[in-house]
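A short worksheet on the structure shown next.
Coordinate-derived values only; no laboratory data. Quick caveat, the model's predicted, so the values are computed rather than measured. A quick note on method: Cβ atoms are made from the backbone with ideal geometry, for glycine too, and the neighbour counts reach across all protein chains shown.
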Amino acid sequence: MPLRQLLKRSVRLRLLVRWWRAHTYAFPDWEPIVVRDRGRWEEARMRAQGGPRVLIATGVGGNPSAVTLESLLAVALTLRGAEVHILLCDRLLPACELTETTWFPDHRRFVRGGPQGGLCHVCFAPGRQAYAPLGLPVHLYGGLVPRPEQAEIDDLARTLSRAEIERYVGDGVAVGEHARAGAIRFYARGTLEGEPYADGVLRRYFRAALLTTRAMRRLFATTSFEAVVSQHGIYVPQGLVGEMARRTGVRVVNWNAAYRRRRFIFSHGDTYHRTIMTEPTASWEHLEWTPRLEREVMGYLDSRRHGGRDWIWFHERPVEDVAEIARRLGVDFSRPCVGMLTNVMWDAQIHYPSNAFPSMLDWALQTIAYFEKRPDLQLLVRVHPAEVRGTLPSRQPMVAEIRRHYPALPRNVFLIGPDDPISTYATMLQCDAVIIYGTKTGIELSSQGVPVIVAGEAWIRGKGLTMDASSPEDYHRLLDQLPLGRRLPADVVRRARMYAYHFFFRRMIPLEFTRPLKGWLPYRLDLARLEQCAPGQSAGLDVICDGILHGRAFIYPEEKGLVAPE
């Protein structure tokens, strides 16, 4: 059987499995909960009329993780007097965050037909069904963009050149940038170059981005909202929802599942990818640091070697024996070593003003070129395991890119592939210093006293803990200082641990209603009564709702002895 037919059959089977999951266990079932407390729920809905109006911009209803968390927020906010509205895509968008190359291995077919013929049928219906028992107002994309406007958008997407699309700004929003980010995510690559159907894929995301901006423009013009809540706040459509909300003065709240089990990160104004970088240090640097907090954070950081307290980890049995690591790599740990940690090249491809390099690949290649001229140092390059074990495996592997430019690596450069079980932590702790681009591992390493050089958009940048590069020249000046021959001073290590506690314990807000699962679905909703969502019943939910309704900081004060679920 031809490969294309096999792939087509595989996708159809996956769609069938997704449909079965959607109608059995993947999505929350609010019906029995609402029926059990019907009187209280109807009273809460009536009381919320005229209260602060909040838009839960789920959009992509086929994402069970998003619908689970956002339906929980819809219930909790309603019980706190908010008039909650829902936004769903009703098969209008020709591309979105669910459309990716794993679902559409035949890229030509995707360009021609898009998701409407299959994926949309297992997306819109489950989302609508999950929200239906709540009886809250639901806005649909299709009802917000009249057909003449849809035709106008189609014409624009056909006639503009690719360069014009990527530069396109509409309604004051960089629509083209978001469309390109969506196309990059579709391909799971850091660039669109070399993809024969990239032009058609980009045009699909451009149309989707324009449809989203028009839909949000009409919705915000006809209905006033105090806040809009959406997952992550990037890509299509969530990135455009946030852009249009900011343009019209509506407060934006973005969220994402955190690394720790049962915990979530919320941010004001923009995606947490950006806001954590610019968060004021005053929010954590005055913590009353105690031995208890130190034990808690160091115990958690130690657990990250194996992921025992996380629902995101990459190696079940990492190789931690230093002698074995040295033997496998051929490295000599008695000589100065410098670590280098990459990220996934396609992930979160949005503009960061702090980047010293135009791309992560450019940074990686320049770094190897520098160390080729420094035989006194050994460079240990750890490629991020998420390239092969993430939810969307990369189609532009860093190892292949490096090998393309360096068929034979310099003798003092050692490459650890993404699927190699060698422990990142054990290896980096042997290094004189570690260079990072955007990984959160910089937080953990600085807490262990390891000096860290930041070349990209890592969240630890600007916290007074790391050596931050703002240009290639600045970066090379920092590299010229290596080897440092020392660990971080005690006061800096203490500060690093304070920030680690803030990041992993206070910014990651616990929700006991989310039961962790193994496999493709990270969590399910685990509650039986509306009362569990009421004020005063969940400290984490109270922090989140106060933030959404009143603009308060999304910080969970675990240092006060609050008991958080694991």
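Compute the long axis of helix 238-247 from its Cα atoms, compare it with the longest principal axis of the Cα atoms of the chain, and write down the angle in degrees, 0 to 90, nearest 10.
Taking the Cα atoms of the chain, the angle to 238-247 is about 80 degrees.
Please list the non-local residues whose amide H lies under 5 Å from the amide H of E83, H modeled 1.01 Å from N, same-chain partners needing a gap of 5 or more.
G51, R53, V54
Out of G442, C431, L541, whose Cα points farthest toward the positive end of the dipole of region 418-566 (charges: +1 Lys, Arg; -1 Asp, Glu; placed on Cβ)?
With unit charges placed on the Cβ atoms, the residue in question is L541.
Can you list residues from other chains, or at least 5 along the same chain, whose modelled amide H is less than 5 Å from the amide H of I435?
The list, which skips near neighbours in sequence, is G339, M340, L341, I453.
For the chain, what is the charge dipole size about the Cα centre, in debye to the nearest 20, if Lys and Arg each add +1 at the Cβ and Asp and Glu each add -1 at the Cβ?
Working: 74 positive and 61 negative charges, 257 e Å.
Rounded to the nearest 20 debye, it is 1240 debye.
Provide the gained length on full extension for the span Y370 to R292, in nm with one decimal, where the gain is 0.36 nm per separating residue minus the Cα-Cα distance. It would help to have the intermediate numbers written out before the result.
Details: separation 78, 0.36 × 78 = 28.08 nm, distance 4.30 nm.
Between Y370 and R292, full extension yields an extra 23.8 nm.
Between H23 and A408, what length in nm is gained on full extension when 0.36 nm per residue of separation is reduced by their alpha carbon distance? Intermediate values should be presented prior to the final figure.
Details: separation 385, 0.36 × 385 = 138.60 nm, distance 5.22 nm.
Gain on stretching H23 to A408: 133.4 nm.
Would you mind telling me the antiparallel percentage of the DSSP bridges in region 281-506, rounded to 5? Could the numbers behind the result be given before it?
Working: 0 of 19 bridges.
In region 281-506, DSSP labels about 0 percent of beta bridges as antiparallel.
Any chance you could check the Cα centroid distance between region 37-89 and region 284-299 for me, in angstrom?
Going from one Cα centre to the other spans 36 Å.
Charges at C-beta only: +1 for Lys and Arg, -1 for Asp and Glu. How large is the resulting dipole of region 281-506 about its Cα centre, in Debye rounded to 20? Mind dumping the intermediate values first?
Working: 27 positive and 27 negative charges, 42 e Å.
It works out to roughly 200 debye.
Share of antiparallel DSSP beta bridges in the chain, in percent to the nearest 5? Could you put the intermediate results ahead of the total?
Details: 13 of 48 bridges.
Counting only bridges with both partners in the chain, antiparallel ones make up about 25 percent.
If you line up the long axis of helix 539-550 against the longest principal axis of the chain, both from Cα atoms, how many degrees apart are they, to the nearest 10?
That helix lies at roughly 70 degrees to the long axis.
Could you pull out which residues in region 403-433 have an amide N less than 17 Å from a spot 7 Å beyond the Cα of D321, following the Cα-Cβ vector?
Only 421-424, 426-427 fall inside the zone, counting backbone N under 17 Å.
What is the set of long-range amide H partners of I422 at a cut-off below 5 Å, with H atoms built 1.01 Å from backbone N?
HN-HN under 5 Å from I422: V319.
Among DSSP beta bridges lying fully in region 215-348, give the percent that are antiparallel, nearest 5.
Numbers: 6 of 11 bridges.
Restricted to region 215-348, the bridges split so that about 55 percent are antiparallel.
Along the charge dipole of region 36-117, pointing to its positive end and built from +1/-1 on Cβ of Lys, Arg, Asp and Glu, which listed residue (Q49, P64, V111) has its Cα farthest out?
Toward the positive end, the furthest listed residue is Q49.
Only four residue types carry charge here, +1 at the Cβ of Lys and Arg and -1 at the Cβ of Asp and Glu. Report the dipole size of region 62-186 about the Cα centre in Debye, rounded to the nearest 20. Working shown, then result.
Values: 12 positive and 14 negative charges, 70 e Å.
Its charge dipole is roughly 340 debye.
Starting from the Cα of R45, step 7 Å toward the Cβ, then list every residue of region 524-554 with an amide N under 18 Å from that point.
529-531, 533-534, by backbone N distance to the label point.
Among L98, Q129, I165, whose Cα sits farthest toward the positive end of the charge dipole of the chain (+1 at Cβ of Lys/Arg, -1 at Cβ of Asp/Glu, about the Cα centre)?
Result: Q129, furthest along the dipole toward the positive end.
Determine ³J(HN,Hα), in whole Hz, for all residues of region 168-174 in sequence, where each value follows from phi through the Karplus function 6.51 cos²θ - 1.76 cosθ + 1.60 and θ = phi - 60°; x replaces Gly and Pro.
5, 10, x, 6, x, 10, 6
Just how far, in whole angstrom, is region 340-412 from region 104-172 if you go by their alpha carbon centroids?
A separation of 34 Å, based on Cα centres.
Which order do peptides 495-501, 298-304, 207-213, 227-233 fall in by mean Cβ count within 10 Å, highest first? Don't skip to the end; give the middle numbers.
On the way: 495-501: 23.4, 298-304: 15.7, 207-213: 28.3, 227-233: 25.7.
Result, highest mean Cβ count within 10 Å first: 207-213, 227-233, 495-501, 298-304.
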